[in-house]
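K.L.:
Handing you this structure, nothing more for now.
The values are calculated or read from the model by the stated rules, or taken from the named source; none is laboratory data. Fair warning: this is a prediction, and the values are worked out from it, not measured in the lab. Using ideal geometry, Cβ is built from the backbone for each residue, glycine included, and neighbour counts are taken over all protein chains shown. Keep in mind that these areas ignore ligands, DNA and RNA; they rest on the heavy atoms of the full protein, side chains included. Shrake-Rupley method; radii C 1.70, N 1.55, O 1.52, S 1.80 Å.
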Amino acid sequence: MGRISCGNRALVVVAAPAGPYIYGPQSLRETLVNYQYGSGPADVDEFFREKKSWSKVKDKIVGDYINCYLKTVPKLGRPILIVDAFAGPGRFGDGTDGSPLIICKAMRHAANRSSCLFADVSAGHRAALEENLSEYIEAGVCDHPYEDCERALTRAIEMGSGSTIFFYLDPYGIRDLEFDIVKQIYEREIKRSTEVLINFNFRTFMRMSGNWGFGDSASEVARKVKKSKIETVNSVMGGDYWQRIVCDPQLGKIEREDAVVNAYLERVREYFKYGYAIPVKERQEDEVGIPVDELAHYHLIFGTRSSRAVMYMNDVALNALDPYLRQFKDGLLFDFTPQRHLPVRRDVAKNAIVESVSERPLKRPEIYEAVIPRFFMHHKKKDYRAMVDELTFSENRLFADERAIKRRGQLNDEVRLSAKPWRV
Ligand SMILES: C[S@@+](CC[C@H](N)C(=O)[O-])C[C@H]1O[C@@H](n2cnc3c(N)ncnc32)[C@H](O)[C@@H]1O
């Protein structure tokens, strides 16, 4: 058992009996953290006692993507800054890492010129965060946490004017995501790389926009919307366009979720070339019978100007959602994948591949970057690679520039592919 201080309180770190099932130094399952839980200023919220299964899905997306990010963006030759503006205490009571530790460990692993900036409005969380990040603060990887997201965002934009910046915004609800504040990020100089990942909580949106139910009539929804925190929701959504959607009697539960999220994405796409929503969903282990597609716990809104970033996030998101999506197929006689999660048919994706090289020959990675943004979260990169092989070697619809081929019958990333045969 170890003891670390947290402000004027003590955090007790309990080492569970080491068993044969704990693998590797990355596993923190052996450490339980006994924060003082509660809602007082020095406490840690109950939320952090144990990481929920859907938060694990979210954190897998954040961690896997940050790892890719830190491998790629150094090529831009700029300092790298990662901002986690709703950081939490850094570690959950069950010993698992929160986003700040996930980010700092990825940075240590990548060992490049990067730093991060954290904020949390709760004094108790900041105190715990300071403790949990102490080695990174000492090493100069990050500074002491800021007191609120607004200050952190402003500071990041000021100090990182020439930097490559990734913003992670993970509030409890949506109230703190005021569009005008978030917009500061979107409006960063276009020449600099800026990416955002925002946790948009549709369930909170529903509550704040009137707590309407899916069985409510259109007039009932309209009445509830009127009584809701309409101005707050308008300021989060960056307009009142959402009201038309929630009051539309034609839309069912799932369609309404999709329509609200897509409309919000349209706002994000005014600033970013690419904007996508990744639904955070987990497999229902205890469910019997055919699984039912449900509302997402939340959506991670991803904004970027880089098609390469889209390509990485595509695979990261599909890997994280894989257990959820597999439940509609695994052990079932038919494929019950819900319509909205069905990938585009392979023949359609193949046509898009051929179309991508119609103007000029492209190398394989360029093809992925042309096609994946059109079909985000449909197929993984390795599936496109297989399609390119089929188009080249079986279907004669792609033609390889033989000069770059190293092994007969095998493509590599340097080979250009064309829709027309090459002249020799
Ligand atoms: C969902 S939790 C973040 C969890 C964290 N990303 C993780 O993975 O461990 C949201 C956090 O935002 C903090 N928070 C709420 N309002 C805030 C604000 N205006 N500025 C900064 N932090 C805020 C809360 O205290 C809470 O710790």
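K.L.:
Heavy atoms only, probe 1.4 Å: what % of the accessible area of the chain goes to carbon and sulfur, would you let me know?
P.N.:
Values: 10480 of 20990 Å².
That fraction is 50 percent.
K.L.:
A further question on this structure: If amide H atoms are built 1.01 Å from N in the plane of the peptide, which residues on other chains or at least 5 residues away come under 5 Å of the amide H of Lys229?
P.N.:
Result for Lys229 returns Gly210.
K.L.:
I want to check the label-to-label distance for Asn262 and Asn234. Put each point 7 Å from Cα in the C-beta direction and report it in nm to one decimal.
P.N.:
In this crude label model, Asn262 to Asn234 measures out at 2.5 nm.
K.L.:
Name the residue from Pro145, Thr304, Gly63 whose Cα lies farthest towards the positive end of the charge dipole of the chain, charges +1 on Cβ of Lys and Arg and -1 on Cβ of Asp and Glu.
P.N.:
Of the options given, the answer is Thr304.
K.L.:
Assuming R0 = 45 Å, can you tell me the calculated FRET efficiency for the pair Ala139 and Gln36, based on Cβ-Cβ distance, to the nearest 0.05?
P.N.:
According to the calculation, E is roughly 0.95.
K.L.:
So which GluC sites (Glu not before Pro) in the range 266-323 end up in coil per DSSP with only 12 or fewer other C-beta atoms within 10 Å?
P.N.:
Numbers: sites: Glu266, Glu270, Glu282, Glu285, Glu287, Glu294; in loops: Glu270, Glu282, Glu285, Glu287, Glu294.
Those satisfying the criteria are Glu270, Glu285, Glu287.
K.L.:
List the trypsin sites (Lys or Arg not before Pro) within the range 342-391 that DSSP assigns to loop and that have no more than 13 neighbouring Cβ atoms inside 10 Å.
P.N.:
Arg345
K.L.:
Does the range 182-302 come out rounded, prolate or oblate by the C-alpha gyration tensor, with a ≥ b ≥ c the root eigenvalues, rounded set by a/c under 1.5 and, if not, prolate when a/b is larger than b/c and oblate if not?
P.N.:
It comes out oblate by the Cα gyration axes.
K.L.:
Helix 53-72: angle to the longest alpha-carbon principal axis of the chain, degrees 0 to 90, nearest 10?
P.N.:
With both axes taken from Cα atoms, the answer is about 60 degrees.
K.L.:
Pull out a ≥ b ≥ c, the square roots of the eigenvalues of the alpha-carbon gyration tensor of the range 231-377, then state rounded if a/c is under 1.5, prolate if not and a/b is larger than b/c, and oblate in the remaining case. Mind showing how you got there, number by number?
P.N.:
Values: a/c = 1.99, a/b = 1.11, b/c = 1.79.
Oblate, because a/c is 1.5 or more while a/b does not exceed b/c.
K.L.:
Continuing with the same structure: Measuring from a point 7 Å past the Cα of Ala123 along Cα-to-C-beta, which residues in the range 39-63 have an amide N at less than 12 Å?
P.N.:
From the range 39-63, the list is 40-43.
K.L.:
What accessible area, in Å² to the nearest ten, does a 1.4 Å probe give for Ile190?
P.N.:
130
K.L.:
Could you do me a favour and compute the accessible area per residue for the range 281-424, 1.4 Å probe, result in Å²?
P.N.:
Details: 8030 Å² over 144 residues.
Averaged over the residues of the range 281-424, the accessible area is 56 Å².
K.L.:
Something else about it: From the Cα gyration tensor of the range 210-268, with a ≥ b ≥ c the square roots of its eigenvalues, which class applies: rounded if a/c is under 1.5, or else prolate if a/b is larger than b/c, or else oblate?
P.N.:
It comes out oblate by the Cα gyration axes.
K.L.:
By how many degrees, 0 to 90 and rounded to 10, does the Cα axis of helix 218-227 deviate from the longest principal axis of the chain?
P.N.:
The answer is roughly 40 degrees.
K.L.:
About its Cα centre, how strong a charge dipole does the range 323-372 have in debye, to the nearest 20, once Lys and Arg get +1 and Asp and Glu get -1 at the Cβ?
P.N.:
Working: 9 positive and 7 negative charges, 21 e Å.
Once rounded to the nearest 20, the dipole reads 100 debye.
K.L.:
What size of dipole, in debye to the nearest 20, comes out for the chain about its Cα centre when the only charges are +1 on Lys and Arg C-beta atoms and -1 on Asp and Glu C-beta atoms?
P.N.:
Details: 63 positive and 60 negative charges, 306 e Å.
The calculation lands at about 1460 debye.
K.L.:
A further question follows. How large is the accessible surface of Asp389 in square angstrom, using a 1.4 angstrom probe and rounding to the nearest 10?
P.N.:
Its accessible surface works out to 60 Å², give or take rounding.
K.L.:
Could you pull out every residue, at least 5 positions away or on a different chain, whose amide H is within less than 5 Å of the one on Arg283? Hs are placed 1.01 Å off N in the peptide plane, and Pro or chain starts have none.
P.N.:
Distant-sequence amide H within range of Arg283: Tyr324.
K.L.:
Oh, and also: Would you work out which of Tyr384, Val371, Leu398 lies farthest towards the positive end of the dipole of the range 343-418, given +1 charges on the beta-carbon of Lys and Arg and -1 on that of Asp and Glu, about the Cα centre?
P.N.:
Going by the Cα projections, it comes out as Tyr384.
K.L.:
Nearest 10 degrees is fine. How inclined is helix 99-110 to the longest principal axis of the chain, computing both from alpha carbons?
P.N.:
With rounding to tens, the tilt is 50 degrees.
K.L.:
Could you work out how far apart the two model spin labels at Gln410 and Ala218 are, taking each label as a point 7 Å from the Cα in the direction of the beta carbon, and quote it in nm?
P.N.:
6.2
K.L.:
Can I ask one more? With springs connecting C-alpha atoms under 10 Å apart, model the chain as a Gaussian network and identify which of Gly289, Gly215, Gly38 has the largest mean-square fluctuation.
P.N.:
Evaluated over the chain, the most mobile residue of the options is Gly289.
K.L.:
Taking the Cα centre of the range 307-424 as the origin, how large is its charge dipole in debye, to the nearest 20, when only Lys and Arg (+1) and Asp and Glu (-1) carry charge on their Cβ atoms?
P.N.:
Result for the range 307-424 is approximately 260 debye, rounded to the nearest 20.
K.L.:
Taking 0.36 nm per intervening residue step and subtracting the Cα-Cα distance, what contour gain separates Glu285 from Lys227 on full extension?
P.N.:
So the extension gain works out to 17.1 nm.
K.L.:
³J(HN,Hα) across the range 177-188 via Karplus (A = 6.51, B = -1.76, C = 1.60, θ = phi - 60°), whole Hz, x for Gly/Pro?
P.N.:
Karplus values, whole Hz, x for Gly and Pro: 9, 3, 4, 5, 6, 5, 4, 4, 5, 4, 8, 4.
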